[in-house]
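Working notes for the structure below.
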Amino acid sequence: MAQLTTTPTLRSATPLDAAAVRAEFPILNQAVERGRPSLVFLDSAASSQKPAVVIEALEGYYRTTNANIHRGVYQLSELATAQYEQARHLVADFINARSPRECIFVRNTTEAINLVAQTWGRANIGPGDLIVLTVMEHHSNLVPWQILAQEKGARLAHVRLTAEGRLDLAHLDELLIQEPKLVAFTHMSNSLGTLNDAAEIVQRARASGAVTLIDGAQSVPHLPVDVQALDCDFLAFSGHKMLGPMGSGVLYGKRSLLEAMPPFMGGGGMIRAVELDHATWADLPAKFEAGTPAVGDAIGLGVAVEYLTALGMDRVWEHERELVAYALTRLGEIPELIIHGPADAQARGGAISFTLGEIHPHDVAAILDEHGVAVRAGHHCNQPLMRSLGLVATTRASFYLYNTEADVDRLVEALHAAHRVFAI
Ligand SMILES: Cc1ncc(COP(=O)(O)O)c(C=O)c1O
């Protein structure tokens, strides 16, 4: 039967040995054709690569344990159920939730936020109510609230940014005077890399009577996140950005709120009893997990969480900070390169957006690709943010625990080449 408990080989090394971590990611160690550059993967903000233990856990699940959960009375189903619920325990411990019941498995951050908008939002937001968001939000934390506001006749307001790409907390305070029902914001910007002071924002929002939702898509994979210390009401994050399988994600919610919320989707698994014309709901977390869940993906996420926990999130974060400081210095050597976001490595995470003179970000990304460096170019699902910066797109390099200074050097070399090609 598949083993859920993994034993990463890197438990005691300190600080993080990124080269050893990298060796555990098969995709980063593929043989390359003669004359072709090896892969430098700098797009982890979109989705991370997966270590062998996660890939093996997925394969092991399908080879040895696959069965539908929560309904079978046979051994295989009981084992699959136990592993699925064990993964929920691991996730709950990872973010320090009071109970695994507060962790709902979803497909991704987007689904988690839509769940809150469609259940808590529909039940609690009315005509004229104010929802406070920020200009730096990903479309996933904008559009669900736009849909809700249009349906309910509610109002939206957005916290402005400072020139350096940080949230203007004085503007937040002005908006809080209007007593919003909800403050929903990203912990870390996926374009600017800005790390927001989530505990401070939650505290101010709570003092004004607002419910709080943190978009943790870019923070939970990279730094220690403790929902009790933050005291947020909801936290949404994506398993696939933190070494877990595609199709895995989590909504954390405070138990009292989740219990009071109506269900998201109706169907099997989420009910207590069904009559022909009405039904009653199952307890948490089943109430929000209608239909057959992605069992193997949740189990794979549990293994990813064990892997990260064994490495230590403090060390992961420390490694990324050092790498970002190095990258900011090295990128400064490239003529006409402008970094969008905080210049201070201590105030930011590992997503670095930049423009290179007048060269279109897609052209920059295409040249980097020729050098084996995979980055993203575009609006990064941040169209309003791009507009506020007077930009259409940027090129973005994003780092994770398997990246090294050698990757930064390859990026810098390739950028020099791009600069030469366009001879600006
Ligand atoms: C800050 C932020 N929020 C939300 C999302 C959406 O994540 P997903 O596509 O996994 O739903 C992303 C994805 O890049 C993100 O960076």
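Some observations on this one:
- So residue 266, is it modelled with pLDDT of 95 or more, within 27 Å of residue 141 (Cα to Cα) and crowded, with 23+ Cβ neighbours inside 10 Å: no
- Listing of strands (runs of 3 or more DSSP E) fully contained in region 263-347 that carry 1 or more residues being small (Gly, Ala, Ser): 271-274, 279-281
- Flag for residue 201 being assigned to a helix (DSSP H, G or I), in contact with a Ser or Thr (Cβ under 8 Å, 6 or more places away or on another chain) and within 16 Å of the ligand (Cβ to nearest atom): yes
- With respect to (1) on the phi < 0 side of the Ramachandran plot; (2) in contact with a Pro (Cβ under 9 Å, 6 or more places away or on another chain); (3) within 15 Å of the ligand (Cβ to nearest atom), the lone exception for residue 243 is condition (1).
- Selection from region 246-256 of residues that are away from the ligand (no atom under 13 Å from the Cβ) and part of a loop (DSSP other than H, G, I, E, B): 254
- Residue list for region 66-124, filter: in contact with a Ser or Thr (Cβ under 8 Å, 6 or more places away or on another chain) and of a type in the set (Phe, Trp, Tyr): 94, 105
- Within region 134-146, residues that are more than 11 Å from the ligand (Cβ to nearest atom) sit with their Cβ atoms under 8 Å from residues that are of a type in the set (Lys, Arg), at 6+ positions apart or across chains, in these pairs: 135/160.
- Test: residue in region 158-168 that is farther than 17 Å from residue 191 by Cα and either at pLDDT below 95 or open to solvent by less than 10 Å² (accessible area, probe 1.4 Å) (or both): no
- Scope region 381-405; condition part of a helix (DSSP H, G or I) and touching a residue at least 12 places away in the same chain (Cβ under 8 Å); matching residues: 383, 384, 385, 386, 388, 405
- Set 212, 186: member being closer than 30 Å to residue 322 by Cα, within 16 Å of the ligand (Cβ to nearest atom) and either at pLDDT 95 or above or in contact with a strand residue (DSSP E or B) (Cβ under 7 Å, 6 or more places away or on another chain) (or both): 186
- Taken as a whole, region 78-96 holds at least one residue that is part of a loop (DSSP other than H, G, I, E, B), open to solvent by less than 10 Å² (accessible area, probe 1.4 Å) and more than 20 Å from residue 271 (Cα to Cα).
- Residues that are part of a helix (DSSP H, G or I) and among the basic types (Lys, Arg) within region 109-163 comprise 122, 152, listed in sequence order.
- Of the residues making up region 279-289, those that are of a type in the set (Gly, Ala, Ser) and either within 18 Å of residue 87 (Cβ to Cβ) or open to solvent by less than 30 Å² (accessible area, probe 1.4 Å) (or both) number 2.
- Yes/no for residue 355 being in a helix (DSSP H, G or I) and among the β-branched types (Val, Ile, Thr): no
- Residue match in region 121-129 (condition: among the aliphatic types (A, V, I, L, M), on the phi < 0 side of the Ramachandran plot and more than 16 Å from the ligand (Cβ to nearest atom)): yes
- Extreme residue, nearest to the chain's Cα centre (by Cα), among residues of region 181-198 that are part of a loop (DSSP other than H, G, I, E, B) and surrounded by fewer than 24 Cβ atoms within 10 Å (Cβ to Cβ): 196
- Hey, residue 146 of a type outside the set (Ser, Thr, Tyr), surrounded by fewer than 23 Cβ atoms within 10 Å (Cβ to Cβ), out of contact with any helix residue (DSSP H, G or I) (no Cβ under 9 Å at 6 or more places or on another chain) and closer than 16 Å to residue 184 by Cβ or not: yes
The values are calculated or read from the model by the stated rules, or taken from the named source; none is laboratory data. The structure presented is a predicted model; accordingly, all values stated were derived computationally and were not measured. When we count neighbours, we look across all protein chains shown, and the Cβ atoms used for this are built from the backbone with ideal geometry, even at glycine. Only protein heavy atoms, including side chains, enter the accessible area calculation; ligands, DNA and RNA are left aside. Shrake-Rupley method; radii C 1.70, N 1.55, O 1.52, S 1.80 Å.
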